[in-house]
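**Student:** Can you read through this structure? Questions will come right after.
The values are calculated or read from the model by the stated rules, or taken from the named source; none is laboratory data. The structure presented is a predicted model; accordingly, all values stated were derived computationally and were not measured. Note that each Cβ is placed from the backbone with ideal geometry, even for glycine, and that neighbours are counted across all protein chains shown.
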Amino acid sequence: MGGFFGVASKEDCMFDLFFGTDYHSHLGTRRAGMAVYSREEGYNRAIHNIENAPFRTKFDKDVNEMKGRLGIGCISDYEPQPLIVRSHHGTYAITTVGKINNSAHLINELFSKGHSHFLEMSGGDINATELVASIVNQKDNLVEGIRYAQEIIEGSMTILILTPKGIYAARDRLGRTPISIGKKEGAYCVSFESFAYLNLGYTLDRELGPGEIAVVTPEGLKTLVQPGKEMKICTFLWIYYGYPSSSYEGISVEQMRYNCGAKLAERDHVQPDIVAGVPDSGTAHAIGYANRSGIPFSRPFIKYTPTWPRSFMPTIQTQRNLIAKMKLIPVHDLIENKSLLLIDDSIVRGTQLRETTEFLYQSGAKEVHIRPACPPLLFGCKYLTFSRSSSEMDLITRRILKEMEQEDRKIDLKYYVDPDTAEYAEMVERIGKKLNFTSLRFHRLDDMIASVGIDQKKLCTYCWNGVE
């Protein structure tokens with residue numbers, strides 16, 4: 001995914017920028033960076049690899065050396081950023097969050113217009129932020145360039161651009177990711193997560209609307225392009241990505257997860273001994289379920305975090321699975337001879353949850369009932385870097401349907417999206433058996449949307465129902 005934080009202050013901004021960016025560490029695991037501007041020293045930037053150490057450790061030295069009243073920072077799941085760009089707009093720093101599906105076409109278009117080259121990253125890909133900057137530079141001014149980029153990029157793209165005059169903040173065209181604006185005496189900030197500035201003394205000013213472009217200075221916020229009327233914010237922000245203390249579109253992440261768990265309980269009929277959540281994102285869903293059902297909430301395993309931050313996650317999937325397992329420490333007294341109902345945010349590949357279930361059986365559990373907090377994932381995300389999956393066949397649902405096709409079954413996905421069909425019930429039953437669950441029941445899409453409390457037309461639910 002990725003996250004960002006920006007500060008425009010009448011005083012030095014480094015303290016706020018450092019901690020505000022650090023508060024986004026849950027959104028990325030590979031790269032992080034900060035760029036600042038001061039009249040005396042111009043631009044200064046630092047980028048570090050955070051795969052094997054947390055943000056604060058890597059940037060501890062930089063925060064004492066960098067100075068400026070304007071700055072942007074980011075946590076990135078892939079490309080190094082922010083980038084510092086010199087163009088006919090002047091010199092600026094840029095960071096982005098999003099996904100470009102038509103990058104090959106855009107690169108060829110730029111080459112045809114005389115663009116000379118792009119720098120390759122280690123994996124052979126083009127840095128998406130560099131591509132965005134090149135598109136922005138095709139126009140006469142930054143605002144026109146940002147609008148042009150948002151129009152021609154297929155996918156989504158939220159952009160922060162740091163200039164000597166202020167920070168240009170542009171939420172992606174359909175608002176799939178958020179931008180929250182905070183304010184305090186002498187400073188304004190721009191943040192992906194709305195909680196990231198609260199302990200720094202900021203209060204909420206407002207959220208940018210979909211497609212809105214604004215400039216942030218120490219004196220305030222000025223809208224340069226009015227927001228559009230259509231919005232498709234990612235629902236998975238509430239289910240998994242968002243930090244519990246954040247809110248999007250005025251809807252609390254933690255409260256939404258309580259709502260999810262409650263609605264799961266309302267449709268359930270099993271009577272386990274305890275309800276538990278897979279830490280961390282499953283915990284709030286489980287509390288909601290326990291509160292509504294009256295079944296005790298418990299923590300039969302504890303996530304070991306002192307030396308296992310989320311940043312320390314290898315890119316190789318088999319290693320990620322192993323480390324995810326190593327983080328969970330069993331509490332045998334709460335597992336042995338117990339029937340457990342376990343809630344996780346979702347089932348993607350199914351590998352980690354199957355291993356967690358086996359680990360519970362080995363620890364003495366009698367039954368393990370699984371209740372994902374969202375519907376079955378049937379479509380790969382086209383709009384955000386939801387996971388490292390390169391193919392929809394990484395999804396457990398698609399692998400099950402492939403097995404059914406090999407049995408000479410004709411598969412029409414519309415029947416497997418609908419929770420009231422026999423086809424859907426068979427798919428869920430097969431998933432449960434393959435992953436060795438005592439029982440499996442997914443959250444219904446209509447219940448999940450009701451848990452958010454926003455008009456469905458404003459929510460992106462593509463990964464569950466394929467509706468764009």
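**Student:** Could you list, in sequence order, all residues of the stretch 77-95 that are in contact with a Gly (Cβ under 8 Å, 6 or more places away or on another chain) and surrounded by 22 or more Cβ atoms within 10 Å (Cβ to Cβ)?
**Tutor:** Once the filter is applied, which keeps residues that are in contact with a Gly (Cβ under 8 Å, 6 or more places away or on another chain) and surrounded by 22 or more Cβ atoms within 10 Å (Cβ to Cβ), the stretch 77-95 yields Gln81, Pro82, Thr95.
**Student:** Hey, another quick one. I'm checking my understanding of the structure. Among residues of the stretch 430-468 that are among the hydrophobic types (A, V, I, L, M, F, W, C) and not in a helix (DSSP H, G or I), which one is farthest from Gly155 (Cα to Cα)?
**Tutor:** The residue in question is Phe437.
**Student:** When you scan the stretch 379-395, do you find a residue that is at pLDDT 95 or above and in contact with a Gly (Cβ under 9 Å, 6 or more places away or on another chain), even just one?
**Tutor:** For the stretch 379-395, residues at pLDDT 95 or above and in contact with a Gly (Cβ under 9 Å, 6 or more places away or on another chain): absent.
**Student:** Can you name the residue in the stretch 244-287 that is of a type in the set (Lys, Arg) and assigned to a helix (DSSP H, G or I) and, of all such residues, is farthest from Leu341 (Cα to Cα)?
**Tutor:** Arg257
**Student:** Looking at Gly220, Gly242, which one is surrounded by fewer than 15 Cβ atoms within 10 Å (Cβ to Cβ) and touching a strand residue (DSSP E or B) at 6+ places or on another chain (Cβ under 7 Å)?
**Tutor:** Selected residue: Gly220, the only one of Gly220, Gly242 that is surrounded by fewer than 15 Cβ atoms within 10 Å (Cβ to Cβ) and touching a strand residue (DSSP E or B) at 6+ places or on another chain (Cβ under 7 Å).
**Student:** Restricting attention to the stretch 19-59, which residues are within 16 Å of Val7 (Cβ to Cβ) and touching a Gly at 6+ places or on another chain (Cβ under 6 Å)?
**Tutor:** Scanning the stretch 19-59 gives Thr21, His24, Met34, Val36, Tyr37, Ser38.
**Student:** If you don't mind, another one. Scan the stretch 64-76 for residues that are modelled with pLDDT under 95 and surrounded by fewer than 18 Cβ atoms within 10 Å (Cβ to Cβ) and jot them down.
**Tutor:** Answer for the stretch 64-76, where residues must be modelled with pLDDT under 95 and surrounded by fewer than 18 Cβ atoms within 10 Å (Cβ to Cβ): Asn64, Glu65.
**Student:** Another question about this same structure. For the stretch 1-50, which fully contained strands (runs of 3 or more DSSP E) count at least 2 residues that are free of Cβ contacts under 8 Å to residues at least 24 places away in the same chain?
**Tutor:** Strands (runs of 3 or more DSSP E) meeting the threshold: 42-49.
**Student:** Which of the residues spanning the stretch 23-44 are over 13 Å from Thr95 (Cβ atoms) and among the basic types (Lys, Arg)?
**Tutor:** Selection gives Arg30, Arg39.
**Student:** In the stretch 223-235, which residue that is in contact (Cβ under 8 Å) with a residue 24 or more places away in the chain and of a type in the set (D, E, K, R) is surrounded by the fewest Cβ atoms within 10 Å (Cβ to Cβ)?
**Tutor:** In this case the residue turns out to be Glu230.
**Student:** Name every residue in the stretch 338-367 that is more than 28 Å from the chain's Cα centre (by Cα) and among the hydroxyl-bearing types (Ser, Thr, Tyr), in order of residue number.
**Tutor:** Ser339, Tyr361, Ser363 - these are the residues of the stretch 338-367 that are more than 28 Å from the chain's Cα centre (by Cα) and among the hydroxyl-bearing types (Ser, Thr, Tyr).
**Student:** Pull up the stretch 39-62, narrow it to residues that are closer than 24 Å to Lys165 by Cα, surrounded by fewer than 18 Cβ atoms within 10 Å (Cβ to Cβ) and not basic (Lys, Arg), then point me to the one that is farthest from the chain's Cα centre (by Cα).
**Tutor:** Checking each candidate, the answer is Glu40.
**Student:** Can you confirm whether Asp22 is out of contact with any strand residue (DSSP E or B) (no Cβ under 8 Å at 6 or more places or on another chain) and surrounded by fewer than 17 Cβ atoms within 10 Å (Cβ to Cβ)?
**Tutor:** Criteria not met by Asp22.
**Student:** I've got another one for you. State all residues of the stretch 248-267 that are of a type in the set (D, E, K, R) and either surrounded by 24 or more Cβ atoms within 10 Å (Cβ to Cβ) or in contact with a helix residue (DSSP H, G or I) (Cβ under 6 Å, 6 or more places away or on another chain) (or both); if no residue qualifies, say none.
**Tutor:** Glu254, Arg257, Lys263
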